[in-house]
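Quick notes on the structure that follows.
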Amino acid sequence: MKPPNLFRKSAEKGLVYSLVMIFMMMIGFHVVAANLMSKVFGVTVLRGSIPEVRFMAFVHILFAFLFGWGASDRQRDKKSRIRQGLITSLTAGGIIALFSVLLNYLVEAQIDIRQYLTAFSADSMRYFILNQGQSGIFVLFAIYLFTGLLGTILAIIFQSEKAQTSRQSLKAKIGEAAQTFSDKMPTLVKKHWKYGIYAILVVVLLIMPMRWGSYYNFVASVVGVYVIAGIGLNIMVGLSGQLMLGYAAFFAMGAYSVALLNAPTPHGIMLGFWPSLLVGVVAAMIGAVLLGLPIMRLRGDYLAIVTLGFGEIIRILLKSDLLIDFTGGPRGIHAIQGPTLFGRSFTSDSDYVYLILVFIAISIFIYQRLANSRTGRAWLAIKEDPIAAQATGINLRGYKLLALIIGAAFAGLVGGIAAARNAFTGPNDHSLMVSINVLSLLIVGGMNSIPGIVLGAFALRGLPEILREVETYRQLAFGILLIVMMLVRPKGLWPGSRPVLEKVDEEVVEEISTEIKKPKRKRTHA
Amino acid sequence: MLNVSNLHVHYGAIHALKGVSFNLEEGEIVALIGSNGAGKSTLLKTISGLLEATEGEVSYQDEIISGQPAQDIVSKGVIHIPEGRKIFPKMTVVENLEMGAFLLRDRRLVAERMEAMFERFPVLRDRKKQLGGTLSGGEQQMLTMARGLMTNPKLMLLDEPSMGLAPVLVEKVFDIIEEINEQGTSILLVEQNAQMALSIADRAYVLETGRITLSGDALDLMENPLVIEAYLGG
């Protein structure tokens, strides 16, 4: 007798799978995917702005296959697995067919629903059913049914014991080969291969800004600015555990310092970029002290709310008529002068990319030194348990304030650079969205991890720039991405491994323990 | 060694300590017993600098320490073991112990002390690489005590070391407290388990709603009818 809930469970699976597929279509996922494919692989799968029929067919087949693959439970026997696959594929195919009937009706009745769902032009609906009209519905049903079944069968074969063992032996063989390969390597390479990869990365980063066009340089500098900001905020949130939602305020302090000191209006001081940038960094640090002293006792939610308020106060002040003569009010400050270095002024986008790359390198260096230092340990202890930290003699206020100051300095730095790069800064450059974006990049990428921060910055700032044409559902798609991320990888794309705190050398410990165990040595209680 | 005189502490409008005075001589175990909300933990937190007194003063070795920041008090050799086994849950046992030695800069000394801790608490040696949060309740209590001992304190403020432990473990913890005391660390012990506390203490104070109501030798207090009725279960 088959288990009674097998049918229901599989049907539910099919329902959920197909609804996910339909939902992704509705938010224009296929358009984004087609765009990405065109850009990354250089294959044109777009007709105008709509994915071609062959691309849509590919998408359907891929989805159907995945549905089938995921339909059956690994621990069941073959027969019921196939049954599961069949039921799931039938349900999914059925629902997609129903959806197609609806689309077909909309197309034939020439009802325009783009007002509600911008991704759904008549063409894109027609292409969803493969431009076949009514017969397309049957084709789709067939695709989902048969490809789904194929997926199930392949999953069964792939997950069978025989396949498992052969995969494992293959893995072992590869491991062995890698081992012998690395054994043959000179010790120098064995120990330092990581640096080799870093070196290659650096060389690539040095060459690329000259090769790719000014648009990609623009994207790269936006991402770079967010990388530095992310490192700064990570010191506050990731290392010392203080949730800061007003990070943009420190941005603003850096940006406005550079703007006010190095733009023709409103003051025309023209101090030069570098001194102004230094002033900006110092201003942000002072701002952190002023914010930090009153909030030292706050934690968690309370801290988040107060810092959020702080960020908004700064933005509203900059926007207000009160300071209009001093800061330019809502119109902001234009024509901010960029830096000059060795008599050469920064004009092109690639100049700024290089500048930002240099600062990223410096930031990473400072961050690594801090995270693995005594200070880093104190921060981690405070983050874990402030009372226990205090009881072990950590200066709670001092270290919390230090984290705020250092984090703010990074923000002041990038604020100044970004202002000079854009030759403009205004209150809206420092809105709550900026703070939230920087925090989200840490959450998406993974806290306490430099690769995570870079990935996060790229995902949050780089991808949306590249996909600007399809940005209608950007925010929605992003929200969904965040939810999925939290479910699938709750610690971020590339979370940091906890810094190793064991600074005591194992050797010293061994030596001492043998000394102590010797009966000769009189054990004094330390 | 420790002298608390007329100490007042407020939490906002709540008057938690209403003029507490007591003293502790070098080498003693002094127990503070009292029921929930009597102000026992508040008193310890004020001595160790986690809370600020509104009135009165705490002096340690003839120096006024009330008003000084917690880290300075720790560096003078007064260590507070907070209640509720406040270990660092995501750090390993070794790292927890290292945090205890945060104020020590001499790595060799840290390693030496750590070895001494492993000798005293063998169970911690077995759990060396384990995260603090994965230890059992008793092991966590051992770890907090070991962490406190890393600085080689002269005075240890112990807050409810028996909290939530099985009776067998409670006895073990109290044995260790006596051992620590024999090796020269004075101990101020806050406990709800009055029976156990009085059995190892030299002297004791009874704290009720922010005031000290009784004091004396631990053995005498054990026979005091008031104490028997209120804290030793009649």
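The values are calculated or read from the model by the stated rules, or taken from the named source; none is laboratory data. As the structure is a prediction and not an experimental result, all values here were calculated from the model. FYI the Cβ positions are ideal-geometry reconstructions off the backbone, even for glycines, and counts take in every protein chain you see.
Here are a few things to note about the model shown:
- Under the condition of being within 7 Å of chain A (Cβ to nearest Cβ), touching a residue at least 12 places away in the same chain (Cβ under 8 Å) and in a helix (DSSP H, G or I), the residues counted in segment B:96-112 number 4.
- Index of the failed condition, A:THR375 passing every other in (1) under 18 Å from the mean Cα position of the chain (by Cα); (2) at pLDDT 90 or above: (1)
- Candidates B:LYS76, B:LYS90, B:LYS86: the one that is within 14 Å of chain A (Cβ to nearest Cβ), under 15 Å from the mean Cα position of the chain (by Cα) and among the basic types (Lys, Arg) is B:LYS86.
- Of the residues making up segment B:152-185, just one is polar (S, T, N, Q) and touching a Pro at 6+ places or on another chain (Cβ under 9 Å), namely B:THR185.
- B:GLU115 meets the conditions (1) more than 9 Å from every other protein chain (Cβ to nearest Cβ); (2) assigned to a helix (DSSP H, G or I); (3) within 26 Å of B:LYS76 (Cβ to Cβ) in every case but one. The failed one is (1).
- Failed condition for A:GLY268, given (1) in a loop (DSSP other than H, G, I, E, B); (2) within 26 Å of the chain's Cα centre (by Cα): (2)
- For segment A:296-321, the set of residues classified as surrounded by fewer than 19 Cβ atoms within 10 Å (Cβ to Cβ) and more than 23 Å from A:ILE382 (Cα to Cα) consists of A:GLY309, A:GLU312, A:ILE313, A:ILE316, A:LEU317, A:SER320, A:ASP321, listed by residue number.
- Any hit, segment B:43-51, residues being touching an Asp or Glu at 6+ places or on another chain (Cβ under 6 Å) and either in contact (Cβ under 8 Å) with a residue 60 or more places away in the chain or among the acidic types (Asp, Glu) (or both): yes
- Filtered by the rule that a residue be under 21 Å from B:ILE79 (Cβ atoms), more than 14 Å from chain A (Cβ to nearest Cβ) and charged (D, E, K, R), segment B:11-60 gives B:GLU25, B:GLU26, B:GLU28, B:LYS40, B:GLU57.
- Of all residues making up segment B:24-71, the number that are in contact with a Pro (Cβ under 9 Å, 6 or more places away or on another chain) and farther than 21 Å from B:THR185 by Cβ: 0
- Some residue of segment B:134-142 being part of a loop (DSSP other than H, G, I, E, B), in contact with a helix residue (DSSP H, G or I) (Cβ under 7 Å, 6 or more places away or on another chain) and either surrounded by 15 or more Cβ atoms within 10 Å (Cβ to Cβ) or not small (Gly, Ala, Ser) (or both): yes
- Test: B:LEU157 is part of a strand (DSSP E or B) and either buried (at least 17 other Cβ atoms within 10 Å of the Cβ) or at the interface with chain A (Cβ under 9 Å from one of its Cβ atoms) (or both): yes
- Filter pass, B:ILE87 being touching a Pro at 6+ places or on another chain (Cβ under 6 Å) and crowded, with 18+ Cβ neighbours inside 10 Å: no
- Test: residue in segment A:396-410 that is β-branched (Val, Ile, Thr) and away from chain B (no Cβ under 14 Å): yes
Condition check ((1) buried (at least 22 other Cβ atoms within 10 Å of the Cβ); (2) within 12 Å of another protein chain (Cβ to nearest Cβ); (3) over 30 Å from B:VAL74 (Cα atoms)) across all residues:
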residue	(1), (2), (3)
A:LEU323	no, no, yes
A:GLY338	no, no, yes
A:SER363	yes, no, yes
A:LEU380	yes, yes, no
A:PRO386	no, yes, no
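- Of residues in segment A:213-250 being within 27 Å of A:ARG377 (Cα to Cα) and aromatic (Phe, Trp, Tyr), the one farthest from the chain's Cα centre (by Cα): A:PHE250
- A:TYR367 vs. criteria farther than 25 Å from A:GLY213 by Cβ, crowded, with 20+ Cβ neighbours inside 10 Å and away from chain B (no Cβ under 14 Å): yes
- Qualifying residue in segment B:176-185 (condition: surrounded by fewer than 19 Cβ atoms within 10 Å (Cβ to Cβ) and within 22 Å of B:LEU7 (Cβ to Cβ)): no
- Residue under evaluation A:GLY393, criteria (1) more than 14 Å from every other protein chain (Cβ to nearest Cβ); (2) in contact with a strand residue (DSSP E or B) (Cβ under 9 Å, 6 or more places away or on another chain), criterion not met: (1)
- Qualifying helices (runs of 4 or more DSSP H) (wholly inside segment A:82-192; at least 2 residues being under 28 Å from A:ASN35 (Cα atoms)): A:122-128, A:134-142, A:148-159
- Flag if A:ALA263 is assigned by TED's automatic domain parsing to the domain that holds A:LEU401, in a helix (DSSP H, G or I) and surrounded by 13 or more Cβ atoms within 10 Å (Cβ to Cβ): no
- The set of residues in segment A:55-81 being part of a helix (DSSP H, G or I), more than 29 Å from the chain's Cα centre (by Cα) and surrounded by 23 or more Cβ atoms within 10 Å (Cβ to Cβ) consists of A:GLY68, A:ALA71.
The rows are residues; the columns are (1) in contact with a helix residue (DSSP H, G or I) (Cβ under 7 Å, 6 or more places away or on another chain); (2) farther than 22 Å from A:SER124 by Cβ; (3) basic (Lys, Arg); (4) modelled with pLDDT of 85 or more.
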residue: A:LEU6; (1), (2), (3), (4): yes, yes, no, no
residue: A:LEU15; (1), (2), (3), (4): yes, yes, no, yes
residue: A:MET24; (1), (2), (3), (4): no, no, no, no
residue: A:PHE41; (1), (2), (3), (4): no, no, no, no
residue: A:VAL45; (1), (2), (3), (4): yes, no, no, no
residue: A:PRO51; (1), (2), (3), (4): yes, no, no, no
residue: A:SER72; (1), (2), (3), (4): yes, yes, no, no
residue: A:SER89; (1), (2), (3), (4): yes, yes, no, yes
residue: A:TYR105; (1), (2), (3), (4): no, no, no, yes
